[in-house]
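These notes concern the structure reproduced below.
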Amino acid sequence: MSERSQSETFPLSRRIFLLSSGALAIALAIPDAAEAANGAASKPPLSPDQLDSYLAIEPDGTVTVFYGRIDGGQGLETSIAQMVADELDVPFGRVRMVISDTARTLNMGGASGALGVSRSGMHLRRCAAEARRLLVEMAAKPLGAPANRLSVSDGVIGSMSDPAKKISYAELIGGRHFATHLDWNGKYGNELVVSGQAKIKAPSELKVIGTSPRRKDLPLKVFARLDMVNDVRLPDMLHARMIRPKVAGAVPVAVDESSIAGIPGAKVVWIKNFLAVVAPKEWNAVRASQALRVTWSESHPNFPGNEALHDHIRRAPVIKRTIQNENGSIEEGLSKSVRIIEGEYEYPTQSHASTGPACGLADVKNGEATVWTSTQKPHYARDGIAQLLGLPVEKVRAVWMFGTGSYGRNDQGDATADAAVLSQHLGKPVRVQYMRHEGLAWDPKGTASVNRSRAGLDSSGKVIAYENISKAFSRLNIATNEGRPAHVLAGHLLGVPLEPDQSFEVPVASYTFDHKRLGWEIVAPLMDRASPLRTTHLRDPYGPPILFGSESFIDEVAAATASDPVEFRLRYLSNPRDREAVKTAAEKYGWDARPSPRNDQKNADTAVGRGIAYRRHFDTFIALVAEVRVHRDTGVIDVLRYVCAHDVGLIVNPETLRHVIDRQLVYGTSRALFEEVRFDENMVTSVDWLTYPVLHMGSVPQSIEIHLISRPEAAPSGAGEMALGLVPAAVGNAVFDATGMRLRRVPFTPARVKAALA
Amino acid sequence: MPLLYALRDELHLNNPRFGCGLGQCGACTVHIDGQAVRSCLVPVSSVTTARIVTLAGLGTPEQPHPVQAAWIEEQVSQCAYCINGWIMTAAALLKEKPRPSDEEIKTALADLICRCGTHGAALRAVKRAAQSS
């Protein structure tokens, strides 16, 4: 049987194994099989109000979970399986996850806001609890005992009064279906909520949650047995490369097809402003993309260039202003103040800069489409592609596969949409692989911002007025998902009407002041359509820009009042969880209370200092202490030590959580010290790892200590991105402590630090 | 044609990955006669008689290479798109220098890209592998 006909007949597993023979074998999901005593034989349609849409008991007792988000390698596949195993009383190893194949899973939001555990994990826990309740009820008759006299262990239900009487989940319903209705709130994505009759377990009853099984995906990756989206091959597939202009906004006006005539099988696809080359052999597609002669239209984007970007933002008219959080009257507070401190902080444009340039595949034929994608939000990608191709949404299937990390709304959905357009046009399966320059110059960007803060102090030195206003490009110039053609590059090039939204955020910290105002101002994008600088969510979408401003400024006020930075923060924090995070980080670091800066290293070649930053995000409470060494002669900053206190509520998998925080702090260091998208008046000039510098091994923090604050009684919040946003402020504050010099612009490159110290 | 395209497109050996095509990231690293080499820069015509080993050929779950075993012990990678570069480069280092210092490990791995931030964990894993082999 060919790969093609198999995938038409059965759901294709996302794991395709390379056998020693070199042949590709496709692991198939087991089709519905054995009849059992209870349960419906045919699966109800995939619908949010059906329990069968979320989990199934297979004939061998395996529990299959249908997870409509993704796992970007942070261990969600494992953590979610733990949560389901615990509620169902089955061993962790018996839970198998089906991740975001739109034919088999519902839209639970994709990767979004670190909500995997807090929303979908809890949602699936409730479903598992309901399934357990139903199974115990089903067992009552065959075991001859009421449900409240039955117990479950390892997926086997037993009578408490007669240990000989047992029946397994597999015997009860294996291969069949619950056909049970759940109450659904009518929403999809992050907001999807269902409920049944069962209650989830109390913290004291949990056995699998709170333990640390290792990640399911990692051995497959380490032994090269996991195929990513890049590795899918379809019969008759064409390899495609997109052709991008050298000047932003330029569109093709003439294409010389004879320039690639000598390359076997190479063809041009040119639809409106969408331009690509395809070839049966991948290298020939690359060659054709390099050889193709294109005449482009004149375009003069007049970008300000990255060096002058913040001046541009300061000057640019505000197109939307929102005060998001306000109490008292900032004007009154400032008028009563005897001293006003002002601070301004600048954050650069940053790229998702995924290790792998985006890749996506599509097979569009007979009025149907299947796409293989590693976008963070496969269900939305399906919706957007259906609209782009003019197909009903039920005729489009998106199969999510592991791929390069995306770190927010990167370009993987763009590549998938490109593949869909090409496949529809050519009538053949198409694989689009972006090149390195596209992965940096053409991915959607995280916005630059200028963060202005003011604090008014009374005569006792107490802060009575506090204002924080971020001025930035919208974080939603294109949406955080690809659910509409207006949000993918292909849609822009094909001329669909644009649908920008205007939004930013404010610092989510619990500081209380008598008069407080937190808000944001949006400036117009530098280019409306098909912009290489279009802005959207980059991992922790507003954390680093806003917190760099707000948590540096809090430090600035502490220093201006000769206060210890930890003690100063605690003065304005009353919530016990906020306070405990700050205190724990300081205590574990061995913080000695004193104002910054140190002032005792003025003549030394290097200066060491420590700084703290804190945040609350949802119900996650984090404080980070950084200790750094600054080299005065070179401007190089060494991160000597991070101490992170982290309160996420209930901890599902402590070891994986530690890894998630550890990797984030390294990644955050890259964002703080190195990353800035460079561009000139015409185009992004960050096109490779030399022109978009990132952290390498030589700059890895020397020590990272993570202190988890365990609160089993509190619902689990998110952990996937919250710690990284503290890095710029913590490091900046540590540099101030060491040198007395306040860093006001990210990234803290050696040249910038050296200049500031001079 | 670069070796990478021959391995992937012709031989369907998927594990070396396209990261940059410029020799800047290491995602395409394979061993050529025991040396860690970036296959995106090597013309396929230059390696006709060489012994090429990819990550899939380094070890198995039953008989893992010490670096692979350590990678699992330390739970290093997240997305793992870069994993060929790190494991193949570390394995070549340990073959040449079974007891490297921290600085030697850092130098050997200095120009590999990882965007998930696994650098510290990778360093710990290579040290663990060096101690175990």
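The values are calculated or read from the model by the stated rules, or taken from the named source; none is laboratory data. Because the structure is a prediction, the values reported are computed rather than measured. FYI the Cβ positions are ideal-geometry reconstructions off the backbone, even for glycines, and counts take in every protein chain you see.
Filter the stretch B:1-29 down to residues that are farther than 25 Å from A:L234 by Cβ and surrounded by 22 or more Cβ atoms within 10 Å (Cβ to Cβ) and give me whichever is nearest to the other protein chains (Cβ to nearest Cβ).
Restricting attention to the stretch B:1-29, the residues satisfying the condition of being farther than 25 Å from A:L234 by Cβ are B:20, B:22-26, B:29.
Those left that are additionally surrounded by 22 or more Cβ atoms within 10 Å (Cβ to Cβ): B:20, B:25-26, B:29.
On the way: B:C20: 4, B:C25: 6, B:G26: 9, B:T29: 12 Å.
Across the stretch B:1-29, the extreme among qualifying residues is B:C20.
Taking the options A:D737, A:D688, A:D680, name whichever one is touching a strand residue (DSSP E or B) at 6+ places or on another chain (Cβ under 7 Å) and not hydrophobic (A, V, I, L, M, F, W, C). First the steps, then the outcome.
Values: A:D688 fails: touching a strand residue (DSSP E or B) at 6+ places or on another chain (Cβ under 7 Å); A:D680 fails: touching a strand residue (DSSP E or B) at 6+ places or on another chain (Cβ under 7 Å).
Result: A:D737 is the single residue among A:D737, A:D688, A:D680 that is touching a strand residue (DSSP E or B) at 6+ places or on another chain (Cβ under 7 Å) and not hydrophobic (A, V, I, L, M, F, W, C).
From the residues in the stretch A:599-641 that are more than 22 Å from A:S563 (Cβ to Cβ) and among the polar types (S, T, N, Q), which one is nearest to the chain's Cα centre (by Cα)? Before you say what the answer is, go through the steps one by one.
Residues of the stretch A:599-641 that are more than 22 Å from A:S563 (Cβ to Cβ), as a first pass: A:603-606, A:617-620, A:629-641.
With among the polar types (S, T, N, Q) added as a condition, the list becomes A:603, A:606, A:620, A:634.
Numbers: A:N603: 44, A:T606: 37, A:T620: 16, A:T634: 34 Å.
Residue satisfying both the conditions and the ranking: A:T620.
Could you run through the stretch B:87-124 and say how many residues are basic (K, R), facing another protein chain (nearest Cβ under 7 Å) and surrounded by fewer than 20 Cβ atoms within 10 Å (Cβ to Cβ)?
If we filter the stretch B:87-124 for residues that are basic (K, R), which is where we start, we get B:95, B:97, B:99, B:106, B:115, B:124.
Keeping just the survivors that are facing another protein chain (nearest Cβ under 7 Å) gives B:106, B:115.
With surrounded by fewer than 20 Cβ atoms within 10 Å (Cβ to Cβ) added as a condition, the list becomes B:106.
Residues flagged as basic (K, R), facing another protein chain (nearest Cβ under 7 Å) and surrounded by fewer than 20 Cβ atoms within 10 Å (Cβ to Cβ) within the stretch B:87-124 amount to 1.
Under 6 Å between Cβ atoms, at least 6 apart or on separate chains: pull out the pairs that start in the stretch A:259-279 with a residue that is in contact (Cβ under 8 Å) with a residue 40 or more places away in the chain and end on any residue that is among the basic types (K, R) and surrounded by fewer than 22 Cβ atoms within 10 Å (Cβ to Cβ).
Matching pairs, first to second residue: A:V278/A:K267.
I'd like to verify a number: residues in the stretch A:455-487 that are in a strand (DSSP E or B) and of a type outside the set (S, T, Y), how many?
Within the stretch A:455-487, the first condition is being in a strand (DSSP E or B), and the residues that meet it are A:455-457, A:463-473.
After this cut, where a residue has to be of a type outside the set (S, T, Y) as well, the list is A:455-457, A:463-465, A:467-469, A:471-473.
Residues in the stretch A:455-487 being in a strand (DSSP E or B) and of a type outside the set (S, T, Y): 12 in total.
Give the residues of the stretch A:49-97 that are among the hydroxyl-bearing types (S, T, Y), more than 24 Å from A:E191 (Cβ to Cβ) and part of a helix (DSSP H, G or I), sorted by residue number. Let's see the steps before the verdict.
In the first step, residues of the stretch A:49-97 are kept if they are among the hydroxyl-bearing types (S, T, Y); the result is A:53-54, A:62, A:64, A:67, A:78-79.
Subsequent filtering for residues that are more than 24 Å from A:E191 (Cβ to Cβ) retains A:62, A:64, A:78.
The answer is A:T78, and nothing else.
Hey, could you check the stretch A:239-288 for residues that are among the basic types (K, R) and over 25 Å from A:L533 (Cβ atoms) and say which is surrounded by the most Cβ atoms within 10 Å (Cβ to Cβ)? Spell out the reasoning first.
Of the stretch A:239-288, the ones among the basic types (K, R) are A:241, A:244, A:246, A:267, A:272, A:281, A:287.
Add one more test, that the residue is over 25 Å from A:L533 (Cβ atoms), and what stays is A:267, A:281, A:287.
Details: A:K267: 17, A:K281: 18, A:R287: 20.
The selected residue is A:R287.
How many of the residues in the stretch A:64-79 are in contact with a Leu (Cβ under 6 Å, 6 or more places away or on another chain) and either surrounded by fewer than 22 Cβ atoms within 10 Å (Cβ to Cβ) or closer than 19 Å to A:P213 by Cβ (or both)?
Of the stretch A:64-79, the ones in contact with a Leu (Cβ under 6 Å, 6 or more places away or on another chain) are A:65, A:68.
Narrowing the set further to residues that are either surrounded by fewer than 22 Cβ atoms within 10 Å (Cβ to Cβ) or closer than 19 Å to A:P213 by Cβ (or both) leaves A:65.
Within the stretch A:64-79, residues that are in contact with a Leu (Cβ under 6 Å, 6 or more places away or on another chain) and either surrounded by fewer than 22 Cβ atoms within 10 Å (Cβ to Cβ) or closer than 19 Å to A:P213 by Cβ (or both) number 1.
Name, by its number, the condition in (1) more than 21 Å from B:N15 (Cα to Cα); (2) not in a loop (DSSP other than H, G, I, E, B) that does not hold for B:P98.
(2)
Residue under question is A:N451, and the condition is that it be over 27 Å from A:P245 (Cα atoms), in contact with a Pro (Cβ under 9 Å, 6 or more places away or on another chain) and either within 14 Å of chain B (Cβ to nearest Cβ) or surrounded by 23 or more Cβ atoms within 10 Å (Cβ to Cβ) (or both); does it hold?
Working: over 27 Å from A:P245 (Cα atoms): yes; in contact with a Pro (Cβ under 9 Å, 6 or more places away or on another chain): yes; either within 14 Å of chain B (Cβ to nearest Cβ) or surrounded by 23 or more Cβ atoms within 10 Å (Cβ to Cβ) (or both): yes.
Spelling it out, A:N451 is indeed over 27 Å from A:P245 (Cα atoms), in contact with a Pro (Cβ under 9 Å, 6 or more places away or on another chain) and either within 14 Å of chain B (Cβ to nearest Cβ) or surrounded by 23 or more Cβ atoms within 10 Å (Cβ to Cβ) (or both).
Within the stretch A:377-408, track down each residue that is charged (D, E, K, R), out of contact with any strand residue (DSSP E or B) (no Cβ under 7 Å at 6 or more places or on another chain) and within 30 Å of A:L724 (Cβ to Cβ). Talk me through it step by step, then tell me what you get.
Kept after step one, since they are charged (D, E, K, R), are these residues of the stretch A:377-408: A:377, A:382-383, A:394-395, A:397.
Checking the rest, the ones that are also out of contact with any strand residue (DSSP E or B) (no Cβ under 7 Å at 6 or more places or on another chain) come to A:377, A:383, A:394.
Of everything in the stretch A:377-408, those that are charged (D, E, K, R), out of contact with any strand residue (DSSP E or B) (no Cβ under 7 Å at 6 or more places or on another chain) and within 30 Å of A:L724 (Cβ to Cβ) turn out to be A:K377, A:D383.
Which one of these does A:F513 not meet: (1) farther than 14 Å from A:I554 by Cα; (2) surrounded by fewer than 20 Cβ atoms within 10 Å (Cβ to Cβ)?
It is condition (1) that A:F513 fails.
Give the residues of the stretch B:43-59 that are in contact with a helix residue (DSSP H, G or I) (Cβ under 9 Å, 6 or more places away or on another chain), over 24 Å from A:A353 (Cβ atoms) and either at the interface with another protein chain (Cβ under 10 Å from one of its Cβ atoms) or of a type in the set (D, E, K, R) (or both), sorted by residue number.
B:V44, B:T54, B:L58, B:G59
Out of the residues in the stretch B:69-86 meeting the condition of being in a helix (DSSP H, G or I) and more than 7 Å from every other protein chain (Cβ to nearest Cβ), tell me which one is farthest from the chain's Cα centre (by Cα).
Here is the first cut: in the stretch B:69-86, the residues in a helix (DSSP H, G or I) are B:69-73, B:83-86.
Add one more test, that the residue is more than 7 Å from every other protein chain (Cβ to nearest Cβ), and what stays is B:69-70, B:73, B:84-86.
Working: B:A69: 14, B:A70: 14, B:E73: 17, B:N84: 4, B:G85: 3, B:W86: 4 Å.
Within the stretch B:69-86, the match that is farthest from the chain's Cα centre (by Cα) is B:E73.
Kindly state which strands (runs of 3 or more DSSP E) lie completely within the stretch A:338-442 and contain at least 1 residues that are within 18 Å of the chain's Cα centre (by Cα), on the phi > 0 side of the Ramachandran plot and without any contact (Cβ under 8 Å) to a residue 12 or more places away in the chain. Working first, answer last.
Numbers: elements: A:339-347, A:359-365, A:368-373, A:396-400, A:430-433.
No strands (runs of 3 or more DSSP E) qualify here.
Restricting attention to the stretch B:30-77, which residues are under 25 Å from A:V666 (Cα atoms) and surrounded by fewer than 18 Cβ atoms within 10 Å (Cβ to Cβ)?
The one that is under 25 Å from A:V666 (Cα atoms) and surrounded by fewer than 18 Cβ atoms within 10 Å (Cβ to Cβ): B:E73.
Which condition number in (1) part of a helix (DSSP H, G or I); (2) at the interface with chain B (Cβ under 9 Å from one of its Cβ atoms); (3) within 19 Å of the chain's Cα centre (by Cα) is the one that A:G698 fails?
Unmet for A:G698, out of (1) part of a helix (DSSP H, G or I); (2) at the interface with chain B (Cβ under 9 Å from one of its Cβ atoms); (3) within 19 Å of the chain's Cα centre (by Cα): (3).
Residues of the stretch A:381-436 being acidic (D, E) and either farther than 26 Å from A:A279 by Cβ or within 14 Å of chain B (Cβ to nearest Cβ) (or both), which ones? Give the derivation first.
Step one: list which residues in the stretch A:381-436 are acidic (D, E), which gives A:383, A:394, A:411, A:414, A:418.
Within the stretch A:381-436, A:D383, A:E394, A:D411 meet the criteria.
Name the pairs: first residue in the stretch A:90-112 and at positive phi, second residue at pLDDT 95 or above and of a type in the set (A, V, I, L, M), Cβ to Cβ under 7 Å, at least 6 apart or on different chains?
From the stretch A:90-112, no pairs qualify.
Might you let me know whether the stretch A:245-263 holds any residue that is within 14 Å of another protein chain (Cβ to nearest Cβ), out of contact with any His (no Cβ under 7 Å at 6 or more places or on another chain) and farther than 30 Å from A:G155 by Cα? Reasoning before the result, please.
To start, the set of residues in the stretch A:245-263 that are within 14 Å of another protein chain (Cβ to nearest Cβ) comprises A:263.
Next cut, out of contact with any His (no Cβ under 7 Å at 6 or more places or on another chain) only: A:263.
Cutting the leftovers down to farther than 30 Å from A:G155 by Cα gives us A:263.
Checked the stretch A:245-263: at least one residue is within 14 Å of another protein chain (Cβ to nearest Cβ), out of contact with any His (no Cβ under 7 Å at 6 or more places or on another chain) and farther than 30 Å from A:G155 by Cα.
Just to be sure before I move on: is A:V294 part of a loop (DSSP other than H, G, I, E, B) and either under 23 Å from A:A490 (Cβ atoms) or away from chain B (no Cβ under 12 Å) (or both) in the structure I sent? Working first, answer last.
On the way: part of a loop (DSSP other than H, G, I, E, B): no; either under 23 Å from A:A490 (Cβ atoms) or away from chain B (no Cβ under 12 Å) (or both): yes.
The answer is no for A:V294.
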